[in-house]
């Protein structure tokens, strides 16, 4: 999965390097200024054609704009800082982000916590549940408990 | 003497209720005298409700009011029958009552029988997601990717790396021409992103 916020920051940095305003860049790509603004804050993603045009305009490869092959750095105090939240969560669930379960669970939203619990329940995430036991609540514990069989 | 069967229900024992259930299960529309399955549901044993629900579903009669009284397993069988007979309303109503594994079993069994079943349905696929495992989500995605590309897009955040890999491979074989790759590329792994962009570059030249 790509980190669209990091890509947005990269586009903004390249734009500034070329001394272009969002409006000027938008005009070169035949998109609106709002579209460029949205890319830079990961509110929307540029199309594949947009990326290829940006690559040509800035004289860099599409791999560079997309951050392919680059190591992602996470702020341990704020795991989601400067990254798209979905990217951080997915990286954690797939084992690419090695932090204690409690750290990410503490910083996760309700929906993100639900995805973490689902991964724990399905055995896709190997982490000690005891780390978050006091944060689970009755519903969380019930969700994680094995299915009740009919007597 | 004119007896009101509904008023008698609270006073019947398990065997008597079971006998009524059997009569209902055998009747074409699931009724017995003036009694409907809904009348019986609060008083009958869960086992009897299961029996009735599944028997009626087998005849194409979907008593969705029985869902709150039945087990997830029986509701799963009724949901499967509902899907097979393209009764999408009865199917959708079953979902909140199903355990994930029963919801999965129902969907996977029907997709195996007819992989196009959701492609022609009015079921809001996104509304099923909270009830499904990854396996069923993947199966659903590939069953609608060509017929309902907009709805398929909503499933993208829930797919796994290997699903995207399969999607890219199938696209390279010429499948999924109407799929919106602009929406999908942010979810791909690096190698697949490279393949997709390389193909796009090749097309541009």
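The values are calculated or read from the model by the stated rules, or taken from the named source; none is laboratory data. Predicted model only: the values in this text are computed from it and were never measured. All Cβ positions, glycine included, derive from the backbone under ideal geometry; neighbour counts span all protein chains shown.
Below, the figures for the structure above:
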read-out: Index of the failed condition, residue B:145 passing every other in (1) surrounded by 17 or more Cβ atoms within 10 Å (Cβ to Cβ); (2) farther than 16 Å from residue A:3 by Cβ; (3) within 13 Å of chain A (Cβ to nearest Cβ); (4) at pLDDT 90 or above; value: (3)
read-out: Residues satisfying the stated conditions in region A:1-27, i.e. in contact with a helix residue (DSSP H, G or I) (Cβ under 6 Å, 6 or more places away or on another chain), away from chain B (no Cβ under 14 Å) and either surrounded by 14 or more Cβ atoms within 10 Å (Cβ to Cβ) or assigned to a loop (DSSP other than H, G, I, E, B) (or both); value: A:12, A:14, A:15, A:22, A:25, A:26
read-out: In region A:65-81, the residues that are surrounded by 15 or more Cβ atoms within 10 Å (Cβ to Cβ) and in contact (Cβ under 8 Å) with a residue 24 or more places away in the chain; value: A:65, A:66, A:67, A:74, A:79, A:80
read-out: Filtered residue count, region B:95-132, keeping only those that are within 12 Å of chain A (Cβ to nearest Cβ) and surrounded by fewer than 18 Cβ atoms within 10 Å (Cβ to Cβ); value: 5
read-out: Within region B:160-205, tally of residues that are over 19 Å from residue A:52 (Cβ atoms) and either in a helix (DSSP H, G or I) or modelled with pLDDT under 85 (or both); value: 13
read-out: Options A:97, A:125, A:89: the member that is within 13 Å of chain B (Cβ to nearest Cβ), outside any helix (DSSP H, G or I) and surrounded by 15 or more Cβ atoms within 10 Å (Cβ to Cβ); value: A:125
read-out: Elements of type helices (runs of 4 or more DSSP H) contained in region B:67-130, each with 3 or more residues being farther than 14 Å from residue B:141 by Cα, in contact with a helix residue (DSSP H, G or I) (Cβ under 6 Å, 6 or more places away or on another chain) and modelled with pLDDT of 85 or more; value: B:72-84, B:88-94, B:100-113
read-out: Conditions (1) surrounded by 19 or more Cβ atoms within 10 Å (Cβ to Cβ); (2) part of a helix (DSSP H, G or I); number of the one not met by residue A:46; value: (2)
